[in-house]
Amino acid sequence: MSKQTWLTGITTSGTPHLGNYVGAIRPAVEASRNAEHEGFYFLADYHAMIKNQDPGLLRQSRQEISAAWIALGLDTDHATFYRQSDIPEIMELTWMLTCLTAKGLMNRAHAYKAVVQENVVSEAADPDKGITMGLFSYPILMSADILMFKATHVPVGRDQIQHLEMARDIAQRFNHHYGDLFVLPQVVVEERASVLAGLDGRKMSKSYGNTIPLFDTAKKLRKSIMKIKTNSQEPGEPKDPDGNTVFEIYRAFATDEQTAQMRDAFAAGIGWGDAKQRLFELVDAVLSEPRERYNELMADPAQVDTILAHGAEKARETSRPYLQQLREAVGIA
Ligand code: TRP
C-alpha cells in the first residue's frame with residue numbers, strides 16, 4: 001500500500017480552548033508524529049474570513065492558533081504546517097473546481113441550508129439574507145484544500161462529513177471530465193477525540209460562550225474551572241460521574257488510572273470544590289509547559305512566521321507542479 005497522506009484544516013477563528021485541544025489539536029499532534037503518514041496541517045484563514053471580516057480579530061486569531069499548535073507539539077519538521085493564504089495554487093484550483101461544481105450540490109450543504117431555514121422561520125423577505133458567496137461556496141474552497149495535496153485521509157469532526165462527501169463528488173466529476181487527476185479523500189472521524197462539555201454542560205464552543213481558554217494564566221484557568229456548573233449535592237453525598245462535566249473534562253486529560261481514582265472519589269462523595277481543584281491541578285500540569293512556549297511564541301511572532309513560511313515553501317513544492325499539470329489538463333497552460 002502506498003503512503004497515506006493526512007490533511008486537515010483549522011479555521012482561524014476565536015481563541016483556542018480546551019475543547020479544541022481534546023477534539024482537534026491533540027489527535028493532530030499525535031498524527032503529525034506518525035512516521036508512516038505524510039501530514040499536512042494548515043490554517044484555513046480564507047475560510048475564517050467568511051465569518052470574520054474584522055482584520056484585527058482575524059490577525060489575532062491566526063497568531064494565537066498557530067502559536068498554540070506549535071506550542072502543543074505539532075511536529076513541524078515531519079509534517080507540513082502552513083497558511084492556506086500562502087498557497088496561491090489553492091485559490092486557482094478553487095476556481096477550476098467552481099466551474100465544475102453543480103450549484104444544486106451546494107444548495108444541499110447543511111451549513112447553507114441552516115441559514116436559509118433561519119431566514120424562512122424569521123420570515124425574512126429574502127431566504128438568502130446575509131448569505132455571501134463565500135459561505136455558499138465554502139465546500140468548494142475546502143475541496144481545493146484537500147485535492148491540492150492528494151490527501152487520502154482527512155480527520156474532521158462530524159459536522160464536516162458532508163463537506164468530505166462533496167469533495168469526493170467534485171473530484172469525481174473533474175476526473176470524469178479531464179482524466180484521473182484527483183485522489184478521492186476518505187473522511188476520518190475521530191471517535192475517541194470526544195466532544196468536550198463546556199462551563200454550562202453544553203458542548204464547549206465559542207458560539208455558546210462557555211469555553212475554557214487553553215492558555216490563560218494558571219490563576220485564570222483555576223477561576224474558569226471553578227465556574228463549571230454543578231448540582232447542589234453536598235460533600236459526602238455519592239455522585240454520579242457519568243455525564244458530569246467536571247468528571248468528563250477530567251477524563252479527557254487523565255490516564256486510565258487517574259480516571260478510575262476520580263470515579264472512586266465521586267462514589268465516596270468528593271465535594272465539588274475538591275473535585276474542581278483536582279481537575280485544575282491535572283489540566284494545569286498538562287498545560288504548564290506548553291503555556292510557557294506559547295507565551296514565548298506570542299511575544300516573538302517572527303518565530304512562528306519562519307515556521308509557517310518554511311511550511312508554505314514545502315507545500316508549494318507539491319502544489320506548484322501539480323497545478324501546472326491541472327492547467328494543462330483543462331486547456332489553460
Ligand atoms: N471546515 C473545516 C472546519 O471548520 C476546516 C477546514 C477547512 C478543513 N479546509 C479543510 C478541514 C480541509 C479539513 C480539510 O472544521
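The values are calculated or read from the model by the stated rules, or taken from the named source; none is laboratory data. What you see is a predicted model; the values in this text were computed from it and never measured. Here Cβ is always computed from backbone atoms with ideal geometry, including for glycine, and neighbour counts include all displayed protein chains. Please note that ligands, DNA and RNA were not included when accessible areas were found on the heavy atoms of the full protein model with its side chains. Shrake-Rupley method; radii C 1.70, N 1.55, O 1.52, S 1.80 Å.
Among the residues of the range 8-23, just one is closer than 20 Å to residue 185 by Cα and open to solvent by 50 Å² or more (accessible area, probe 1.4 Å), namely 11. Scan the range 203-215 for residues that are open to solvent by 40 Å² or more (accessible area, probe 1.4 Å) and without any contact (Cβ under 8 Å) to a residue 60 or more places away in the chain and the total you get is 3.
For the range 96-134, the set of residues classified as small (Gly, Ala, Ser), in a helix (DSSP H, G or I) and farther than 25 Å from residue 327 by Cα consists of 104, 111, 114, listed by residue number. Between 164, 181, the distinction of being in contact (Cβ under 8 Å) with a residue 12 or more places away in the chain and touching a strand residue (DSSP E or B) at 6+ places or on another chain (Cβ under 6 Å) belongs to 164 only. Residues in the range 135-154 that are in contact (Cβ under 8 Å) with a residue 40 or more places away in the chain, in a helix (DSSP H, G or I) and over 14 Å from residue 170 (Cα atoms): 135 only.
In the range 75-97, of all residues being among the aliphatic types (A, V, I, L, M) and open to solvent by 10 Å² or more (accessible area, probe 1.4 Å), the one that is nearest to residue 10 (Cα to Cα) corresponds to 91. Of the residues 193, 197, 124, 171, the single one that is more than 18 Å from the chain's Cα centre (by Cα) and at pLDDT below 95 is 124. Residue under question is residue 39, and the condition is that it be within 15 Å of the ligand (Cβ to nearest atom), closer than 19 Å to residue 195 by Cα and not in a loop (DSSP other than H, G, I, E, B); does it hold? When the stated conditions are applied, residue 39 does not pass them. The conditions of being part of a loop (DSSP other than H, G, I, E, B) and open to solvent by less than 20 Å² (accessible area, probe 1.4 Å) are met by residue 182. Considering the range 144-168, and only residues there that are within 7 Å of the ligand (Cβ to nearest atom) and at pLDDT 95 or above, the residue that is farthest from residue 46 (Cα to Cα) turns out to be 154. Restricting attention to the range 1-36 and to residues that are over 9 Å from the mean Cα position of the chain (by Cα) and among the β-branched types (Val, Ile, Thr), the residue that is nearest to the ligand (Cβ to nearest atom) turns out to be 5. Screening the range 227-257 for residues that are in a loop (DSSP other than H, G, I, E, B), small (Gly, Ala, Ser) and in contact (Cβ under 8 Å) with a residue 24 or more places away in the chain and picking the one that is most open to solvent (accessible area, probe 1.4 Å) gives 236. Flag set for residue 207, criterion: among the small types (Gly, Ala, Ser) and either touching a Phe, Trp or Tyr at 6+ places or on another chain (Cβ under 7 Å) or assigned to a helix (DSSP H, G or I) (or both).
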